[in-house]
1. In the set 111, 107, which member is surrounded by fewer than 18 Cβ atoms within 10 Å (Cβ to Cβ), within 17 Å of residue 160 (Cβ to Cβ), of a type outside the set (Ser, Thr, Tyr) and touching a residue at least 40 places away in the same chain (Cβ under 8 Å)?
2. Answer yes if at least one residue in the range 230-244 is touching a Ser or Thr at 6+ places or on another chain (Cβ under 7 Å), closer than 20 Å to residue 30 by Cβ and surrounded by fewer than 20 Cβ atoms within 10 Å (Cβ to Cβ), and no otherwise.
3. For the list (1) modelled with pLDDT under 90; (2) crowded, with 17+ Cβ neighbours inside 10 Å; (3) of a type outside the set (Lys, Arg), I need the number of the one condition that residue 8 fails.
4. Any residue in the range 190-216 that is assigned to a loop (DSSP other than H, G, I, E, B) sitting within a Cβ distance under 7 Å of a residue that is not charged (D, E, K, R)? List the pairs, counting only those 6 or more apart or interchain.
5. Hey, among the residues in the range 16-32 that are more than 21 Å from residue 98 (Cα to Cα), of a type outside the set (Gly, Ala, Ser) and part of a helix (DSSP H, G or I), which one's nearest to the chain's Cα centre (by Cα)?
6. Inside the range 93-120, can you point out the residues that are among the small types (Gly, Ala, Ser) and within 12 Å of residue 243 (Cβ to Cβ)?
7. Yes or no: residue 208 surrounded by fewer than 18 Cβ atoms within 10 Å (Cβ to Cβ), among the aliphatic types (A, V, I, L, M) and within 20 Å of residue 62 (Cα to Cα)?
8. Please work out which residue is surrounded by the most Cβ atoms within 10 Å (Cβ to Cβ), limiting yourself to the range 64-80 and to residues that are modelled with pLDDT of 95 or more and among the β-branched types (Val, Ile, Thr).
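The values are calculated or read from the model by the stated rules, or taken from the named source; none is laboratory data. None of the values given here were measured: they were computed from a predicted structure. When we count neighbours, we look across all protein chains shown, and the Cβ atoms used for this are built from the backbone with ideal geometry, even at glycine.
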Amino acid sequence: MSLLADPATLAVLVVAVILLGMAKGGLAGVGALATPLAALVLPPATAAALLLPILIVQDVVSVWAFRKTWDGWIIGWMLPGAAAGVAAGWFYADRVNEAQLMAALGAITLAFGLYRLWVERGGRIVAASRSPGWVGTLFGAAMGFVSQIAHAGGPPFQMWVTPRQLPHLTFIGTSAILFAIVNWMKVPAYLALGAFPHEVVVAALLLMPLAIVSTLVTVRWLKRMDPARFYVIVYVLMVLLGAKLLWDGVSA
């Protein structure tokens, strides 16, 4: 029986895929809601496995769209940490309390989003962060860990990269390339766990057209956006995302 046969399950997964498309199109972070949402109608491990092939297809679209605007210095520092985080997430997968992890991630994301909205209120000009690269490696490790557990690596990436005040298309391109690499890093762990039975693969294939369209629509929108508005939208989404993850975590 197809995973998409139940109308309620299909509706929830459609919303989850659209959220992933928005994240891959440039609104990094909102994709963290996709796995908890899908886990409302599927076992958490199945939900994560179903979404991984969709993420990889969306990565192709976003990397191609932003292939000319990315920051290699940021990727170079975050990627080693991300690799270590993915490995740790694989090793500790059975011992992690996912609800507590999401609640902690939500609290930090909420606090960071509120802080950035406060310091930049009224269009205030804030000096760009110049934190050293090794700090980015630490945030990369956090990104890789929560990405392996629940495809929720967006907030740690945002916390280190948004204060650097990159041009908004460079921010999106850097995110696209980094997460594309990280998602391929996660594949061996999922294969080793036997996470891709036939029904999961079929469901992922059926949802892929929607995944591609939602990514392309968001890419088109963000390329036309006023750069001054981009980071405000990102911070607002971080506040909303953090509040949702915190609520889900403490009420689980």
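1. Working: 107 fails: within 17 Å of residue 160 (Cβ to Cβ).
One residue alone meets the criteria, 111.
2. yes
3. Of (1) modelled with pLDDT under 90; (2) crowded, with 17+ Cβ neighbours inside 10 Å; (3) of a type outside the set (Lys, Arg), only one is false for residue 8: (2).
4. Every condition considered, the pairs that remain are 195/45; 195/49; 196/49; 196/190.
5. If we take residues in the range 16-32 being more than 21 Å from residue 98 (Cα to Cα), of a type outside the set (Gly, Ala, Ser) and part of a helix (DSSP H, G or I), then 24 is nearest to the chain's Cα centre (by Cα).
6. Start the filter on the range 93-120 by keeping residues that are among the small types (Gly, Ala, Ser), which leaves 93, 99, 103-104, 106-107, 111, 113.
Within the range 93-120, 103, 106, 107, 111, 113 qualify.
7. Numbers: surrounded by fewer than 18 Cβ atoms within 10 Å (Cβ to Cβ): yes; among the aliphatic types (A, V, I, L, M): yes; within 20 Å of residue 62 (Cα to Cα): yes.
Yes; evaluated as a whole, the condition is true for this residue.
8. Result: 74.
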